[in-house]
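The structure's right below; bear with me while I get my questions together.
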Amino acid sequence: MRKVFFIWLLPMFSFFYLMPSISWACACGCGIFDVGTSSMFPSGQGGEVFVEYDFMDQNRNWSKASKASLDDNADKEIRTGFINTGMQYMFDRSWGVQVELPYDGRYFRSDKVDTGSPDIQSFVHDAVGDLRIRGIYTGFSQEMSTGLIFGFKLPTGDWTYPHFDRDTELGSGSTDVLFDIYHRGTITSDNSFNYFIQDNLDQPFLTQGGYLPGTENDTALGVYYKGWSVAGVRITPVAEVLNSYRSKDRGWAANTPNSGYERVLLSPGIELDYHRVMVYFDIGFPVYQYMNGDQLMASALYKVTVSDMF
């Protein structure tokens with residue numbers, strides 16, 4: 001129930017890395033990429049393998065509800081590429097399972113890191129991220145229009161890389177409870193216009209090294225049109241509104257004053273379906289952001305998914 005990018009393109013993206021700072025938060029909010037993919041909600045028995053590539057370049061300092069000077073933030077840029085590979089399988093029309101393992105790359109520039117140098121330093125790191133294992137229940141109705149997705153995020157990612165703050169490590173070091181709920185329905189009687197709503201909750205509860213990540217909640221509301229087809233390829237334009245909220249981090253290793261935020265994004269996208277293969281692409285543009293303290297934000301969030309049904 002996730003996303004995918006062409007496997008032969010993965011090496012090309014390996015240079016899109018990002019990294020964090022040691023005294024300012026990055027407001028990564030990576031969970032926002034997990035919502036807004038209505039076409040990948042399960043619709044019947046069977047399986048799906050997927051690859052998803054997400055990218056964001058955090059190069060703008062933001063304080064409260066407005067852009068602030070980069071001079072106010074020791075961190076200057078955090079550029080990240082996320083490659084998520086996984087599988088989903090529905091045993092019947094009610095129950096299924098999903099496994100997703102990310103491989104992430106990060107590039108970080110800051111003028112205040114633990115090297116002893118006053119100059120701007122840059123660091124690159126790539127590693128496996130935090131494994132997600134979830135169950136799926138869609139037995140509320142015959143058409144499987146409503147579903148629950150629930151499970152855990154495990155601390156398999158690296159959370160000890162030098163020169164990175166805890167909130168910008170590739171792994172959080174925490175074990176999290178994951179809970180999603182979604183619903184999709186029709187707007188017009190001919191089923192050409194449809195809508196969906198999805199909510200994703202990430203609640204950390206077991207932590208390491210004095211760092212408790214903030215609770216993150218991401219919500220998507222979208223509409224899509226299914227009436228176009230060219231040369232056997234079904235073309236589905238999608239329009240979404242995304243809302244992302246994260247509470248402040250806690251613990252002696254957290255930078256609590258410069259953590260936590262809320263943001264709203266508009267996200268146009270398009271889905272292409274050909275037989276068993278689906279390709280999906282969208283771009284999220286922030287229209288409202290409120291950041292505690294000083295945090296680096298991206299001007300756009302990019303997502304590409306490729307999946308194969310079986």
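The values are calculated or read from the model by the stated rules, or taken from the named source; none is laboratory data. No experiment lies behind these values; they were computed from the predicted model shown. Glycine gets a Cβ as well: all are built from the backbone with ideal geometry, and neighbour counts include every protein chain shown. Side chains included, ligands, DNA and RNA excluded: accessible areas come from the protein's heavy atoms. Shrake-Rupley method; radii C 1.70, N 1.55, O 1.52, S 1.80 Å.
For segment 231-239, indicate whether the set of residues that are in contact with a helix residue (DSSP H, G or I) (Cβ under 7 Å, 6 or more places away or on another chain), crowded, with 18+ Cβ neighbours inside 10 Å, closer than 27 Å to Phe179 by Cα and not small (Gly, Ala, Ser) is non-empty.
No, every residue in segment 231-239 fails to be in contact with a helix residue (DSSP H, G or I) (Cβ under 7 Å, 6 or more places away or on another chain), crowded, with 18+ Cβ neighbours inside 10 Å, closer than 27 Å to Phe179 by Cα and not small (Gly, Ala, Ser).
May I pose another question? Would you say Ser267 is closer than 18 Å to Val223 by Cα and polar (S, T, N, Q)? Break it down stepwise before answering.
Working: closer than 18 Å to Val223 by Cα: yes; polar (S, T, N, Q): yes.
Criteria met by Ser267.
In segment 39-48, how many are open to solvent by 10 Å² or more (accessible area, probe 1.4 Å) and either of a type outside the set (S, T, N, Q) or modelled with pLDDT under 70 (or both)?
Taking segment 39-48 first, the residues open to solvent by 10 Å² or more (accessible area, probe 1.4 Å) are 39, 43-46.
Then drop every residue that is not either of a type outside the set (S, T, N, Q) or modelled with pLDDT under 70 (or both), which leaves 39, 44, 46.
Number satisfying all stated conditions: 3.
Considering segment 257-278 alone, what residues qualify as being open to solvent by 40 Å² or more (accessible area, probe 1.4 Å) and either assigned to a strand (DSSP E or B) or touching an Asp or Glu at 6+ places or on another chain (Cβ under 6 Å) (or both)? Step through it out loud before you land on a result.
The first filter runs over segment 257-278 and keeps only residues open to solvent by 40 Å² or more (accessible area, probe 1.4 Å), leaving 257, 262, 266, 268, 270, 272, 274-277.
Passing the criteria: Glu262, Leu266, Pro268, Ile270, Leu272, Tyr274, Arg276, Val277.
Let me ask something else about it. When residues of segment 217-246 are filtered for being more than 27 Å from Gly173 (Cβ to Cβ) and either within 15 Å of the chain's Cα centre (by Cα) or touching a residue at least 12 places away in the same chain (Cβ under 8 Å) (or both), how many remain?
Here is the first cut: in segment 217-246, the residues more than 27 Å from Gly173 (Cβ to Cβ) are 220-241.
Imposing the further condition that a residue be either within 15 Å of the chain's Cα centre (by Cα) or touching a residue at least 12 places away in the same chain (Cβ under 8 Å) (or both) reduces the set to 220-227, 232-241.
Final tally of qualifying residues: 18.
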